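Enquirer: One structure is given below, represented as structure tokens, and several questions about it will come after.
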Amino acid sequence: MSRPCSRLAASLAGVLFCVLMHGAAAQSYYIPKDLEQGWDGQVQLGAEASFGATDSSAVSVRTDFTYRGKHAEHEVSARLHHSANTARVSRRDAEGKEVLNSQGVPVTDEVRTTTNNRRFISAQPRWFFSPIYYAFALVDADINEPAGIKLASRQVAGLGYKLWKTRTHYLSAAFGIGRKKLDQVAAASEEGAIGYFGLRLKRTLSETVSVALALDSDFGGENRFSEAETSLSWRVRGPVALKFKYEASVNSKVVNPWNSFDDGVEAAFSINLEVEVF
């Protein structure tokens, strides 16, 4: 993402955050006596391809499934994001000069670079001991070798607070402690205790429009990781919606998180097709 796009996306994220906060404060929540029980799930799909001097492609898939019972809910999420670039590069000799064929035309080689190959999965059961307070456990695994992550895994337990009107209109916050292990591609492994904070806000503005904010962060370890996402969904027809989304992840080695050229920052502004499957 270029610098102007990064600044624009960050500004949009800030505006959306203000709208969410204002909306949450303006309309009080109540606790329904009986929330709808059973399964609900969404699948998001996004793809991009460009051709020219450099060919590039990107595909993203995300699935979220939740089962709600009378006193518990269980959530499973999985994400895949793969992007790659292909370019033709002039072949050079030991002195750095271009290699020419018999016709005097520069010899080129096709070079393919994978810029992102993230695979993430998480499971989080929650047990409600009151209408709004719950205990939770979180287990997740993250793989992204182009970003230097061979395997990052967390195991967290803690307490949370969830204030809701419906399954698609709620505010929740969770705090916990646990352990994290980070196996890096080209550096030593790190393992130790962490603290955890998670925040989610989803608000239905109308029958067709909803906005959401999510923050996931661990701290206290050698490598600290934070991930934020803001989105606006517009239901086109039936279970199908367009989701306009800005997401960014930042690790502790980043000095300036708004610098889109920093190796520790991964940010994307995208338009996805979202389908409710339950």
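Just so it is clear, none of the values below were taken in a lab; they were calculated from the coordinates. Please read all numbers here as calculations on a predicted model, not as lab measurements. Ideal geometry is used to build each Cβ from the backbone, glycine not excepted, and the neighbour counts take in all protein chains shown.
Enquirer: Of the trypsin sites (Lys or Arg not before Pro) in region 54-89, which ones lie in a loop per DSSP and count no more than 16 other C-beta atoms within 10 Å?
Expert: Working: sites: Arg62, Arg68, Lys70, Arg79, Arg88; in loops: Lys70.
Within region 54-89, the qualifying trypsin sites (Lys or Arg not before Pro) (loop, at most 16 other Cβ atoms within 10 Å) are Lys70.
Enquirer: Continuing with this model, one more query. Over region 49-172, calculate the relative contact order: mean separation of alpha carbon pairs under 8 Å at least 6 apart, over the residue count, as a percent.
Expert: On the way: 261 pairs, mean separation 23.0, N = 124.
Reported relative contact order: 19 percent.
Enquirer: Per residue, how much space in cubic angstrom lies within the convex hull of the C-alpha atoms of region 132-211? Working shown, then result.
Expert: Numbers: hull volume 8.2 nm³, N = 80.
Each residue corresponds to 102 Å³ of Cα convex hull volume.
Enquirer: Which of the chymotrypsin sites (Phe, Trp or Tyr not before Pro) across region 93-183 are loop residues per DSSP, with 15 or fewer other Cβ within 10 Å? Please report the intermediate quantities before stating the final value.
Expert: Values: sites: Phe120, Trp127, Phe128, Phe129, Tyr133, Tyr134, Phe136, Tyr161, Trp164, Tyr170, Phe175; in loops: Phe129.
Answer by residue number: Phe129.
Enquirer: Just how far, in whole angstrom, is region 46-119 from region 212-241 if you go by their alpha carbon centroids?
Expert: 23 Å
Enquirer: Kindly flag which residue pairs out of Lys70/Lys202; Lys70/Lys162; Lys202/Lys245; Lys70/Lys245 have an alpha-carbon separation exceeding 25 Å in this structure. It would help to have the intermediate numbers written out before the result.
Expert: On the way: Lys70/Lys202 21 Å; Lys70/Lys162 15 Å; Lys202/Lys245 13 Å; Lys70/Lys245 32 Å.
Listed pairs above 25 Å: Lys70/Lys245.
Enquirer: Excluding same-chain residues fewer than 8 positions from Lys243, which aspartates and glutamates have a Cα within less than 16 Å of its Cα?
Expert: Filter leaves Glu48, Asp64, Glu207, Glu229, Glu274, Glu276.
Enquirer: While we're looking at this one, here's another question. Using alpha-carbon pairs under 8 Å, 6+ residues apart, how would you state the relative contact order of region 65-127 in percent? Before the final figure, lay out each step's value.
Expert: On the way: 103 pairs, mean separation 28.3, N = 63.
Dividing the mean separation by the residue count of region 65-127 yields 45 percent.
Enquirer: List the aspartates and glutamates whose Cα lies under 13 Å from the Cα of Lys180, skipping any in the same chain that are fewer than 8 positions away.
Expert: By straight Cα distance, Lys180 reaches Asp140, Asp142, Glu190, Glu191, Asp218, Glu222.
Enquirer: For region 121-278, go through all pairs of different Cα atoms, get the mean of 1/r, take its inverse, and jot down that Kirkwood value in Å. Kindly include the intermediate steps, with their values, before the conclusion.
Expert: Details: mean 1/r = 0.0580 Å⁻¹.
With all distinct Cα pairs of region 121-278 included, I get 17.3 Å.
Enquirer: While we're here: Loop only by DSSP, 10 or fewer other Cβ within 10 Å of the Cβ. Give me the trypsin sites (Lys or Arg not before Pro) in region 137-194 that pass, ordered by residue number.
Expert: Details: sites: Lys150, Arg154, Lys162, Lys165, Arg167, Arg179, Lys180, Lys181; in loops: Arg167.
Hits after loop and neighbour filter: nothing returned.
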